[in-house]
Amino acid sequence: MRQSQLFTKTRREAPKDEVAKNAQLLIRAGFIHKEMAGVYSLLPLGLRVLERISAVIRDEMNKIGGQEILMTTLQQKELWEQTDRWSDSVVDSWFKTKLKDGGEVGLGFTHEEPLTSIMRSHISSYHDLPKLVYQIQWKFRNEERAKSGIVRGREFLMKDLYTFTASEEEHTKLYETVASAYQRIFERLGIGEQTYRTFASGGVFSKYSHEFQCLSDVGEDTVYVHKEKRIAINKEVMNAEVLADLGLSKNELTEAKAVEVGNIFSLGTRFSKALGLRFKGKDGKQEDVIMGSYGIGPTRLMGVLAEVFSDGKGLAWPSAVAPFAAHLVAISGGNGDVTAEADRLYEMLSENGIETLYDDRDVRAGEKFADSDLIGIPKRLVISEKTMSEGGVEVVSRAAGSTMFVSENDLIGHLEQ
């Protein structure tokens, strides 16, 4: 992509009505556009990052046997009434709308009910189990306060996986399989070290659920971390009983702020009983299917990564999710030979599969470098009269802040590494 043609604009100042660091940076760098509080449109750079995050999640879900579907956003009132989750007094985050024929529908904030209903047509025997089904789809929640940028929005992308099993033993095995896949996702995204499996309330379904909390000063949650055991406890459930269950003492734990980047729940038979999802067991008796629910928000992760991987100059994306692998910056000063060399190098990078943003704009070098820092592509490749005379390219690592000279013959290998 030539930057002169890229549909985006950078901004020197953050919007005055935006208090969240992630949204300030993403708007300034031209990744998102704010429509209203908690609602953001994705511009080309932002969409590329979001698609890369989703690709990592999709890859790990497929590896554990997940099958991807896409359910409807519009939700029928009658189905949710069967599980007592339609009333605003029970779920206060619904967006609802009237139909012209007098009916009422909601915009989905989660999908346990509709998928359980679908599964009634696909599960009738223990031979049909287990099932792992997921989607990556937009969700809608009527948040009372939307001040966290894309970390907590009113419209957001969510990967929700659901498991259906014949026994608690089978459910527990899959639950741990998904938990391991989640940890691999966070490692691939560059936040594995600071993300902890965190014990939280299990609600009515089980004694505990588990959140994956990424340590961050901007986090909304308080957790108590055991770094050696790689676990944490949410402050909401921190008590003597929990410590005893985990074999921990409070003085072993460190208090920290964190952002939830994933969660996993045991649902038991809560939804299968209410909606009549049953199967014939080996003994011929009818039993209720046991379920689990597992969520990760790609848009939320994008916001968390923007918070974690940034500095005073702007964003500094990990290579796994960066919109481009390289940012080619031509400093020509009106020298046509430099421009021609940059054009040639851009074609060479493209031919070798190195996705590159090429800053071919007729603006000052300082503006190009400032925009490059703000956008945060991992490698900046600088072409100038000086680098041409030396037969190579100046390579600047955005995250490390280091600069090195790389010959043209070694450039592709260096970037592939």
When you scan the range 72-90, do you find a residue that is touching a residue at least 12 places away in the same chain (Cβ under 8 Å), loosely packed, with under 15 Cβ neighbours inside 10 Å, within 29 Å of Arg48 (Cα to Cα) and touching a Pro at 6+ places or on another chain (Cβ under 8 Å), even just one? yes
Consider Glu113 against the criteria (1) touching a residue at least 60 places away in the same chain (Cβ under 8 Å); (2) over 16 Å from Phe271 (Cα atoms): it satisfies all of them except one. Which criterion is unmet? (2)
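Residue-wise test of (1) in the same structural domain as Thr356 (by TED's automatic domain parsing); (2) in contact with a Leu (Cβ under 8 Å, 6 or more places away or on another chain); (3) more than 20 Å from Thr116 (Cα to Cα).
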{"residue": "Ile27", "(1), (2), (3)": "no, no, yes"}
{"residue": "Lys34", "(1), (2), (3)": "no, no, yes"}
{"residue": "Leu42", "(1), (2), (3)": "no, yes, yes"}
{"residue": "Arg85", "(1), (2), (3)": "no, no, no"}
{"residue": "Asp88", "(1), (2), (3)": "no, no, yes"}
{"residue": "Phe95", "(1), (2), (3)": "no, yes, yes"}
Filtered residues of the range 98-130 (kept if polar (S, T, N, Q) and loosely packed, with under 11 Cβ neighbours inside 10 Å): Ser121
Take Asp343 and decide whether it is of a type outside the set (S, T, N, Q) and either modelled with pLDDT under 95 or within 24 Å of Ile53 (Cβ to Cβ) (or both). no
Starting from residues that are surrounded by 13 or more Cβ atoms within 10 Å (Cβ to Cβ) and not small (Gly, Ala, Ser), keep the ones in the range 59-68 and report whichever is farthest from Met158 (Cα to Cα). Ile64
For the range 349-365, indicate whether the set of residues that are touching a helix residue (DSSP H, G or I) at 6+ places or on another chain (Cβ under 7 Å) and under 18 Å from Met404 (Cα atoms) is non-empty. no
Given the condition outside any strand (DSSP E or B) and under 21 Å from Val151 (Cβ atoms), answer yes or no: does some residue in the range 270-293 qualify? no
Among the acidic types (Asp, Glu), assigned to a strand (DSSP E or B), under 26 Å from Gly66 (Cβ atoms) and modelled with pLDDT of 95 or more: does that describe Glu255? no
Given (1) modelled with pLDDT under 95; (2) touching a strand residue (DSSP E or B) at 6+ places or on another chain (Cβ under 8 Å); (3) not aliphatic (A, V, I, L, M), Phe140 misses just (1)
Write out, first by first residue and then by second, each pair whose Cβ atoms fall under 9 Å of each other, whose residues are 6+ apart or on separate chains, and whose first residue, in the range 13-28, is closer than 14 Å to Asp371 by Cα while the second is charged (D, E, K, R) and not in a helix (DSSP H, G or I). Ile27/Arg11; Ile27/Glu18; Ile27/Lys34; Arg28/Arg11; Arg28/Arg12; Arg28/Glu13
From the residues in the range 157-175 that are closer than 19 Å to Thr299 by Cα and aliphatic (A, V, I, L, M), which one is surrounded by the most Cβ atoms within 10 Å (Cβ to Cβ)? Leu161
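The values are calculated or read from the model by the stated rules, or taken from the named source; none is laboratory data. Worth saying up front: this structure is predicted, and the values here are computed from it rather than measured. Note: ideal-geometry Cβ built from the backbone for every residue, glycine included; neighbour counts use all protein chains shown.
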